[in-house]
Amino acid sequence: MATIPSSIWNDVLGHVKLNHPSLVRGWFTQLIPTGIDQGVMIVRASNSAQSRYLVKHCRDAFIEAAQAALGRLVTVEFEVTQESPAQEPDDEAILAFRPVAETIRLNEHFTFDNFVTGPCNRLAHAAARAISDDPGRTYNPFFVHGSVGLGKTHLIQAICHAIREANPDAKCHYISCEMFTNDFIESVENGALHQFRYRYRNADILVIDDVQFLAARERSQEEFFHTFNTLTQSQRQIILSADCPPPEIPSLEERLVSRFNSGLVAFLDRPCFETRMAIIRKKAKLRCIEIPEDVVRFVADRIDTNNRDIEGALVKLDAMSQTESKPITAELAQEALGTMSTRPVSVSTIMEVVASSMNVKVSDLQSKRRAKSVSHPRQICMFLARELTTLSLEQIGGYFGGRDHTTVLHAHRNITKLLETEPDLPTQIEEIRSRVRHTTN
Ligand code: ADP
Ligand code: MG
């Protein structure tokens, strides 16, 4: 779970105070933002009375504030600090409690109704639908892969929503791969492997997001292999997502690669123009934003990287229209998205901009030097090259002293992870991205 920087939390509280003053209570300052995970911000209250008040009256206000502060669709849930020492829970309670607490947090917007289909995702979507109708029997496992922001989490959470709706008793566990591995390590350290196994091997549907994080975690891979076998042998459904197909996950054991390949492997591609238009209309409707057709076209034309960027553009446009009290028009869009154009960029431009912004030499970026002062900017270059160009991983590696595709993949993942945890990094990368866009190749 990523921590919430205090600046973001202050923005959230500030937004609630400004826009919903009648809801604000003195004890709001004692609320603790526990973290954010898979689009859900968790806020901890000191007692159950506070939590009841928040759930009953303030949920929408906090969701609105969190979305404004983070610039993306998120939801908010409240939890309570343990009020009094609870009675020692019995074994069964321990076993039963954790899966629900840890896996229940789905993003409420990630449903099939809100998922736009097009040539880029039709197969994956059809398979996901079929699995929701008959889990464990159609495609098992279901492995969906694609680059960042193309809808993997949305699609696999949509399956969970649909299954839970059709069968509220189904034990459908959605979890990030990082949570799985952390849970495993913790269980080993605490001598609680037995409970760990009970939790995972008892699921009817086990959904693990971003399994590329299993890379180089040998013991977690071993454990996952056995979990996988136990579940599939009794026809329980396994759903996995990753940013690349199974054989490209670095240092993934061969037996896991073959297990992952044994069901359906579906690919999410970049959306085409029409799909981007449909996504913009859908997201605008969800956010109650009035957006004329010529602006829909304009945004779809400008933003062709991924669906997350489309959403970011829409948020920016909406914020600008509100602060300037102007309706959303083509002119406003031009002004708001000027820096978000998707003109093709070259790796050399990226290297030059990173070198000058981060005070390193281009020749260092291309060298084999491993000092952090060089390797970090180099990883940022590789990250941006993957985001902003259509070059393959091998081609990108070629620009950096002939590094191989796994190095580029590793760099991309590392920066993606750091973007969640390093408060200043998103702004720094956004500035570099904007300068790259404005530099003539
Ligand atoms: P990933 O997990 O692949 O990085 P996400 O599932 O988090 O991507 O999607 C990023 C954003 O784009 C989310 O807000 C999601 O709702 C939106 N999105 C992605 N694909 C679609 C789609 N096909 N239809 C509607 N929204 C989508
Ligand atoms: Mg995801």
Legend entry - Number of positions in segment 351-375 that are under 18 Å from ARG386 (Cα atoms) and either touching a residue at least 40 places away in the same chain (Cβ under 8 Å) or surrounded by fewer than 14 Cβ atoms within 10 Å (Cβ to Cβ) (or both): 4
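A quick yes/no check of all residues on (1) within 30 Å of THR305 (Cβ to Cβ); (2) free of Cβ contacts under 8 Å to residues at least 60 places away in the same chain:
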residue	(1), (2)
LEU214	yes, yes
GLU218	no, yes
HIS226	no, yes
ILE239	yes, no
ALA242	yes, no
ARG255	no, yes
LEU264	yes, no
CYS272	yes, no
Inset, instruction - Please state which of the following conditions ILE208 fails to meet, knowing it meets all the rest: (1) away from ligand 1 (no atom under 16 Å from the Cβ); (2) crowded, with 17+ Cβ neighbours inside 10 Å; (3) free of Cβ contacts under 8 Å to residues at least 40 places away in the same chain; (4) of a type outside the set (Ser, Thr, Tyr). - result: (1)
Legend entry - Count - residues of segment 14-54 that are part of a helix (DSSP H, G or I) and farther than 17 Å from GLU79 by Cβ: 11
Inset, instruction - Could you tell me which of the residues SER187, SER176 is within 17 Å of VAL144 (Cα to Cα) and either aromatic (Phe, Trp, Tyr) or in the same structural domain as ILE159 (by TED's automatic domain parsing) (or both)? - result: SER176
Inset, instruction - Could you tell me which of the residues ALA313, ALA319 is away from ligand 2 (no atom under 16 Å from the Cβ) and either over 20 Å from GLU430 (Cα atoms) or buried (at least 20 other Cβ atoms within 10 Å of the Cβ) (or both)? - result: ALA313
Inset, instruction - Answer yes or no: is there a residue in segment 314-334 that is within 14 Å of ligand 1 (Cβ to nearest atom) and at negative phi. - result: yes
Legend entry - Pick from segment 169-205, criterion hydrophobic (A, V, I, L, M, F, W, C) and free of Cβ contacts under 8 Å to residues at least 12 places away in the same chain, ranking: surrounded by the most Cβ atoms within 10 Å (Cβ to Cβ): ALA192
Inset, instruction - Identify all residues within segment 124-160 that are of a type outside the set (Ser, Thr, Tyr), farther than 29 Å from THR390 by Cβ and surrounded by fewer than 21 Cβ atoms within 10 Å (Cβ to Cβ); write none if there are none. - result: ARG129, ALA130, ASP133, ASP134, GLY136, ARG137, ASN140
Legend entry - Residue check, THR153 under 22 Å from the mean Cα position of the chain (by Cα) and either in the same structural domain as THR407 (by TED's automatic domain parsing) or touching a residue at least 40 places away in the same chain (Cβ under 8 Å) (or both): yes
Inset, instruction - Specify the residue that is nearest to LYS152 (Cα to Cα); the eligible residues are those in segment 227-281 that are in a helix (DSSP H, G or I), among the basic types (Lys, Arg) and under 23 Å from the mean Cα position of the chain (by Cα). - result: ARG276
Legend entry - Subset of segment 25-49 [of a type in the set (Val, Ile, Thr) and either modelled with pLDDT of 90 or more or surrounded by 14 or more Cβ atoms within 10 Å (Cβ to Cβ) (or both)]: ILE32, THR34, ILE36, VAL40, ILE42, VAL43
Inset, instruction - Enumerate the helices (runs of 4 or more DSSP H) found wholly within segment 327-441, keeping only those where 3 or more residues are over 30 Å from LEU214 (Cα atoms). - result: 330-336, 347-358, 362-366, 425-438
Legend entry - Check on PHE112, away from ligand 2 (no atom under 16 Å from the Cβ), at pLDDT 90 or above and surrounded by fewer than 21 Cβ atoms within 10 Å (Cβ to Cβ): yes
Inset, instruction - Consider only pairs whose beta carbons are under 7 Å apart and that are at least six residues apart or on different chains; among these, list those whose first residue lies in segment 28-40 and is at positive phi and whose second residue is within 16 Å of ligand 1 (Cβ to nearest atom) and small (Gly, Ala, Ser). - result: GLY35/ALA2; GLN38/SER176
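The values are calculated or read from the model by the stated rules, or taken from the named source; none is laboratory data. None of these values were measured; they are calculated from a predicted model. Note that we place each Cβ from the backbone using ideal geometry, even for glycine, and neighbour counts take in every protein chain shown.
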